[in-house]
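What follows is a single structure, written as structure tokens, with notes after it.
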Amino acid sequence: MSPTASQRPGSPEPASPATAPGGATIDRRSFLRHSAWAGAAVAVVVSGGVVTTKLVSSSHTAPATQDFAFVQISDSHIGFTGPANANVTSTFSEAIDQVNALPDRPDFVIHTGDLTHFSSVAQFDQVKQMLGSLKTGQVLTVPGEHDSTDDTGQKYRQVFGAGSQGDGWYSFDHKGVHFVSLVNTINLQSLGHLGGDQLSFLKADVAKLSDSTPIVVFSHIPLFAMYEPWGWGTDDAVQALSMLRRFGSVTCLNGHVHQVMSKTEGNVTFHTAAPTAYPLPRPGVGPAPKPVVLPAGRLHSALGVRDVHYLRRSRGLAVTDEVLA
Amino acid sequence: MSRSLYPLWSRRVAVVAVAAAGLTAVALAGCGSTKTPSAAAASSPAAGTPATTMAPMPGMDTPATTAPAGPAVATTKVDINNFAFSPAVITVKAGTTVTWTNTDEEPHTVVSASASMRSATLAGTSNTYSHAFMTPGTYAYNCSIHPFMHGTVVVTA
């Protein structure tokens with residue numbers, strides 16, 4: 001693994017054209033096949049016993065991707081009490097059980113923020129413990145604004161910030177797909193905000209990638225203008241998305257709005273995720289984004305988990321939102 | 001690869017191509033089925049028929065309303081209710097302490113860089129915050145959890 005700061009220690013394995021499906025190290029024949037993709041120069045790097053190849057002149061070549069699955073869960077709000085959900089711990093636990101029952105074990109699970117409702121140390125510890133029961137290779141998180149209610153994310157990062165930079169952002173490669181986790185929940189004026197440091201990180205982070213590398217961006221608040229009067233957008237997202245314009249496939253997965261919605265703008269597809277805690281109103285419905293109290297027995301149909309499959313053949317993500325059983 | 005890694009995939013997932021610039025919304029709450037696919041083949045967003053495309057919702061993409069509404073009210077008490085500071089604009093004399101009280105069920109905060117304010121999370125029984133304004137000026141603040149909630153304190157000499 002390259003020792004760059006952008007690689008989160010302990011994150012899923014680095015992008016590795018040298019790693020064959022099933023995890024076997026590349027042999028000479030497949031190396032030649034890889035290097036023959038487009039006549040690109042291939043540098044072989046051995047780091048820590050792991051062989052990786054890097055396409056040196058790779059702007060027109062495809063990275064070797066593999067099919068894999070990961071899961072997104074979001075907005076668990078541990079600590080919330082109210083009629084919208086009398087037991088957020090229970091529904092979070094059910095969501096975890098549902099992930100563990102998936103037929104395809106996810107390579108990793110990403111929680112896209114609002115782990116807690118009040119950012120207390122006890123709530124972070126409880127979430128960490130519960131996430132530990134996920135049957136997956138790795139658990140990743142990004143913070144929500146509820147994870148920094150009375151600080152600027154220090155308590156969150158103490159528990160979940162290992163290997164991240166700045167307010168908690170990081171990136172990693174997995175089976176040919178590049179993942180970036182952004183933090184847009186600190187120092188907010190009206191909308192989500194990334195800030196200059198993070199934009200610089202993103203620019204440098206993607207500079208080395210070929211245009212054909214599939215990109216997945218995680219954030220808590222949407223990176224598209226979903227409903228700005230309620231803060232459902234990010235004021236400097238346009239600058240981030242402009243850095244991703246050259247890539248063939250960009251998928252942005254977020255939480256925050258407690259409902260499933262998808263939107264495509266050019267090369268970028270946005271998917272907002274269901275919560276595990278409680279629903280919020282549709283954009284602009286009612287005076288404020290207050291927790292919605294559903295009739296008895298209806299709550300589970302408003303909560304869910306997201307199963308994402310990367311499909312090499314289509315070079316795209318298949319996103320399946322499952323409501324809580 | 002000679003075999004499918006995901007033999008269940010084809011029947012578990014309905015791939016729905018999302019039309020470019022289109023908007024797909026899936027209301028989970030109103031859905032009777034247990035699974036709600038909203039899949040998109042990112043490589044070919046324009047391909048296929050947008051099976052679940054809905055008309056854009058009223059109010060989508062409207063600009064944020066950041067300017068506090070209403071005239072300045074001479075008071076030292078601000079209520080936080082229904083995701084709003086009320087009154088949104090107040091005026092006090094220098095040396096006055098202003099107190100905010102959150103009566104919403106949801107937690108809120110009072111945060112201002114210009115006034116160096118950062119309340120604790122206001123909720124439940126710990127729902128008030130006070131700050132003394134010593135220097136004349138206009139101080140904008142908001143809620144860090146719901147940053148679209150804005151208020152202003154005008155401090156006069």
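No value in this document is a laboratory result; all are computed from the given coordinates. Being a predicted model, the structure only gives us computed values, none of them experimental. No Cβ is skipped: glycine too gets one built from the backbone with ideal geometry, and neighbour counts run over all protein chains shown.
Results, tabulated for the structure shown:
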read-out	value
Within straight-line cross-link reach of A:K175, aspartates and glutamates at Cα separation under 13 Å, skipping those fewer than 8 residues along the same chain	A:E13, A:D67, A:D107
Surface/4 of the Cα convex hull for segment A:114-222, nm²	7.5
Over segment A:201-325, relative contact order from alpha-carbon pairs under 8 Å, at least 6 apart, %	20
Cα-based shape type of segment B:104-152, given that a ≥ b ≥ c are square roots of the gyration tensor eigenvalues and the cut on a/c is 1.5	oblate
Computed E for A:R313/A:N187 - FRET, C-beta separation, R0 25 angstrom, nearest 0.05	0.05
Average other protein chain Cβ within 10 Å of Cβ, residues A:108-119	1
Stretch gain in nm, segment A:S120-A:R245, where the contour uses 0.36 nm per residue and the Cα spacing is subtracted	41.2 nm
Size descriptor, Kirkwood hydrodynamic radius, that averages inverse alpha-carbon separations across segment A:65-154, Å	13.6
Cα-based shape type of segment A:235-304, given that a ≥ b ≥ c are square roots of the gyration tensor eigenvalues and the cut on a/c is 1.5	prolate
When each of A:K208/A:K263; A:K128/B:K77; A:K128/A:K290; A:K155/A:K290 is checked by Cα-Cα distance, pairs over 31 Å	A:K128/B:K77
